[in-house]
Amino acid sequence: MRIPVLTYHSNNVGGNGYADNDHVALAADLRAIDRAGRRVVPLARVVDALLGEAPESDLEGAIALSFDDGSWFDWHDLDHPTCGRQRAFAGILRDFSAETGARVHATSFVIVSPEARTILDRTCLVGRGWWGDDWWPAAEREGLIAIESHSWDHNHHTLPETVQRDQRTGTFQSIDSWADADAEIRQANDWLDAHSRAPRAGLFAYPYGENNDYLKREYLPHHAGEHRLRAAFGTEPRPVEAQSDRWDLPRFVCGHHWHSPEEFERVLKSIR
Ligand SMILES: [Zn+2]
C-alpha cells in the first residue's frame, strides 16, 4: 500500500497560473494523473484499507484528493475581484470526468463553525458571503465531494475569539487539553452529523497540518466514543502506507510540496 493523498486549497487564487492558482493546478494535475495511468479513489476508501476494513488490492494505482477549508470556491464558479472567473473545484472534477470518462471524487475538509466562517469570509476573502455551507448537502447528494471536518474554527488567528482556552491562536499545537480538543473536534463532528444526511467517514484534517502528542497519543486514540473519528491527516509529504499512523496520515500539499507540472510529475514518479 503506497497511496498519495493530494491537497488543494480553493481559496488559493493569487493569479491565473499554475503556481499561484490551485484551480489551474488541479485541472492540470488530474490530466497528469490520467496520463500516468493512475486513478482517483475516495479518501475514505484509503482509510478503509488502512484499517483493514477493505482489501488493499482495490487500491492498485490509486490516488486520493482532498480540499481544505471548504469555501464556495470548492463548489461555485465565482468572479474573483482581480483574477476573473474561477471554475470551482467541483466543476473541474466534472469537466475531467466528462473529458476522460474517469470517475473522480474528493473529500473537502471544511471549517465547521458558521460564525467562524462568517468572519473568515471578511478577514480572508472579500466579504461577499462566499464561505456558506449551503452547498454541502448538494455535494453529498451528487457523491462528488464528501464533507469532513477541518475543526470547529481552525483556531484561526483572524478570529476575535476561538475556542482555545487562552487564545493561543494561529496554530493547532495549542489544542492540547481535553476541553480544547472537545470544542475543536467533537463539537465540529456533532454539527456535521446533525446537518448531514449522508453517512460520514469520520475523517479529520489538522488545521495548519499541525498536531501534538496530546491529540495523537491521548485524545484521538482514547476518546473515540466522543469524537467518532477514524483517522486524521497532517501534511507530511509521503504516501499513505500500511504502517502509517492513523492519527497523523501524510498528505502532499499543492503550492507547498510542488509548484509546477514538472514538480508534480516528480511527486507522481516518487511514489511509483
Ligand atoms: Zn486549513
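The values are calculated or read from the model by the stated rules, or taken from the named source; none is laboratory data. Treat the numbers as computed from the prediction; the structure is a model and nothing was measured. Glycine also receives a Cβ, built like all others from the backbone with ideal geometry; neighbour counts cover every protein chain displayed. To get the accessible areas, we keep the full protein, side chains included, count just its heavy atoms, and leave off ligands, DNA and RNA. Shrake-Rupley method; radii C 1.70, N 1.55, O 1.52, S 1.80 Å.
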Take Arg251, Arg228 and sort them by solvent-accessible surface of the protein heavy atoms, 1.4 Å probe, largest at the top. Arg228, Arg251
Using a 1.4 angstrom probe with every protein chain in place, what is the largest-first accessible-area order of Glu148, Glu262, Glu56? Glu262, Glu56, Glu148
Formal net charge of residues neighbouring Glu241 (Cβ-Cβ distance under 11 Å; K, R +1; D, E -1): 0
On each of the three principal axes of the Cα atoms of the chain, give max minus min coordinate, whole Å, ordered largest first. 48, 46, 33
Rounded to the nearest 0.05, FRET efficiency between Glu161 and Ser196 (Cβ-Cβ, R0 22 Å) equals 0.25
Full-extension gain in nm, Arg228 to Arg39, via 0.36 nm per residue minus C-alpha separation: 65.1 nm
Would you give the gap between the C-alpha center of segment 252-270 and the C-alpha center of segment 82-96, rounded to a whole Å? 20
Once you put a point 7 Å from the Cα of Gln243 and another 7 Å from the Cα of Glu262, both along the Cβ direction, what distance in nm separates them? 3.4
Accessible-area order (highest first, 1.4 angstrom probe) of the listed residues Asp134, Asp153: Asp134, Asp153
Counting only the backbone N, which residues of segment 3-23 are under 18 Å from the spot 7 Å out from the Cα of Lys269 toward its beta-carbon? 4
